[in-house]
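Reading through the structure tokens given below for one structure.
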Amino acid sequence: MTGRLRVDRTRCAGHGICALIASGAVDLDAWGFPEVVATELGGDDLRRARRAAAACPRGALTVSDVVPTVQPLRAPWEP
């Protein structure tokens, strides 16, 4: 399972807790606001990103599951 981390910059207050918890996915810019550095996360990085989203005091982080796309099967006679 993979996931995607997003930051709502309008809600973020720049506490920096996310960068401490999910250091592999989040860096802080010059003003202390988060920048997502990994677009798709898996394993321990995904677990840490979920923990960072839960710990954010302003609720500025969200983690969404990435659902793999499946190509439909085609009949042998279809081009």
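Values in this text are rule-based calculations from the coordinates and carry no lab data. None of these values were measured; they are calculated from a predicted model. Glycine also receives a Cβ, built like all others from the backbone with ideal geometry; neighbour counts cover every protein chain displayed.
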Any residue that is assigned to a loop (DSSP other than H, G, I, E, B), of a type outside the set (D, E), closer than 19 Å to I17 by Cα and over 12 Å from the mean Cα position of the chain (by Cα) - is there at least one of those in the range 59-69?
yes
Inside the range 6-44, the number of residues satisfying the requirement of being assigned to a helix (DSSP H, G or I), within 17 Å of T62 (Cβ to Cβ) and small (G, A, S) is 1
Given (1) of a type in the set (D, E); (2) surrounded by 12 or more Cβ atoms within 10 Å (Cβ to Cβ); (3) touching a residue at least 40 places away in the same chain (Cβ under 8 Å), where does D65 come up short, assuming only one miss?
(2)
